[in-house]
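The values are calculated or read from the model by the stated rules, or taken from the named source; none is laboratory data. Keep in mind that what you see is a predicted model, and the values were worked out from it rather than measured. For neighbour counting, all protein chains shown are included, and Cβ atoms are generated from backbone atoms with ideal geometry for every residue, glycine included. What goes into the accessible areas is simple: the full protein's heavy atoms, side chains included, and nothing from ligands, DNA or RNA. Shrake-Rupley method; radii C 1.70, N 1.55, O 1.52, S 1.80 Å.
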Amino acid sequence: QAVTDVMARRREAYHLEAPQPVEGEDERDSPRSIHEIHAAIPEAFIERGGWDRAPRVSGVELLLPAGLTPRRLLAGGSWRDAQLIPARAEASSDDGLSWEVGPPDRIRARRRVSASTDGCRLQFEHLLDDGDAGMVEWGVEWNLALPGRGSLTAAGSVTTFDGSWIAPFKIEATGELTVRSEAPASEVHLECEPPCRVLAHLVETVVRSESGFEGVIQGLCLLFTPPRGQRRVRITASLAPPRC
């Protein structure tokens, strides 16, 4: 199942400039299409959204601004462009692949991904080398499909999702968490070593219909941030049986 297939928040033409209503005697009492309805995006959607410049993928390293909060993570911005992209494959074997990733600014990382034989367990190992840049802030981002009801269990508490918006939130240092979704039916268990702080927010796409603008929840973004000074992180993702 495509549990990491999360739609990015793209800027559409109707987000920028709402069209004017059709004027004229013949059209005044006739139904109008969504392209003819004059409307502005409600302020609530603007406050809790942002636009993604890159696809929403999982297991990627990000260089982070100091003092990053869950709300700032939600808004995104130019700092998300500091994703360390694969530079070259280093080695491959039957049990995994290794990459060197980077730049910018001489900052490099080594990423190794291995999978179980049944494909239901992936392990990502990340090693950051920031060279002369000093102790940069970094993290590993995951995006999981959550287009309906579900829950997140971590650090002894449960956050329930019912398909409507909830504010971005933070989970203090945790070594494991579980995300459950009813549609598609899936359960993803994530373990991180060392324990990481997790910043989280729902990924919401704004669409327009005959009834106006609507927010559609597409998924859940999780950003694992290791303790300051920690340069190695291992994240293991398991898709719980029997849903494999």
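Tabulated values for the structure
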{"quantity": "Total residues in region 48-87, condition at pLDDT 80 or above and more than 18 Å from the chain's Cα centre (by Cα)", "calculated": "2"}
{"quantity": "Spans of strands (runs of 3 or more DSSP E) in region 185-242 with at least 1 residues free of Cβ contacts under 8 Å to residues at least 12 places away in the same chain", "calculated": "185-209, 212-225"}
{"quantity": "Meets criteria (open to solvent by 50 Å² or more (accessible area, probe 1.4 Å), part of a strand (DSSP E or B) and closer than 18 Å to PRO70 by Cα) for GLU172", "calculated": "yes"}
{"quantity": "Extreme residue, nearest to VAL6 (Cα to Cα), among residues of region 175-214 that are of a type in the set (A, V, I, L, M) and surrounded by fewer than 17 Cβ atoms within 10 Å (Cβ to Cβ)", "calculated": "ALA183"}
{"quantity": "Selection within region 175-184 - at pLDDT 95 or above and either closer than 14 Å to ILE217 by Cβ or in a loop (DSSP other than H, G, I, E, B) (or both)", "calculated": "VAL179"}
{"quantity": "Residue in region 34-44 that is closer than 26 Å to THR236 by Cα and either modelled with pLDDT of 85 or more or part of a loop (DSSP other than H, G, I, E, B) (or both) present", "calculated": "no"}
{"quantity": "Hits in region 53-71 (condition: part of a helix (DSSP H, G or I) and surrounded by fewer than 17 Cβ atoms within 10 Å (Cβ to Cβ))", "calculated": "ARG71"}
{"quantity": "Residues satisfying the stated conditions in region 124-169, i.e. in a strand (DSSP E or B), of a type in the set (Ser, Thr, Tyr) and more than 28 Å from ALA66 (Cβ to Cβ)", "calculated": "SER151, THR153, THR160"}
{"quantity": "Scan of region 227-237 for residues that are open to solvent by less than 30 Å² (accessible area, probe 1.4 Å) and either at pLDDT below 95 or over 21 Å from PRO70 (Cα atoms) (or both), ordered by number", "calculated": "THR236, ALA237"}
{"quantity": "Residue in region 93-109 that is at pLDDT 80 or above, more than 22 Å from ASP5 (Cβ to Cβ), of a type outside the set (Ser, Thr, Tyr) and in a strand (DSSP E or B) present", "calculated": "no"}
{"quantity": "Residue that is modelled with the highest pLDDT, among those in region 15-24 that are open to solvent by 60 Å² or more (accessible area, probe 1.4 Å) and out of contact with any His (no Cβ under 8 Å at 6 or more places or on another chain)", "calculated": "LEU16"}
{"quantity": "Residue match in region 145-156 (condition: more than 22 Å from the chain's Cα centre (by Cα), modelled with pLDDT under 90 and open to solvent by less than 20 Å² (accessible area, probe 1.4 Å))", "calculated": "no"}
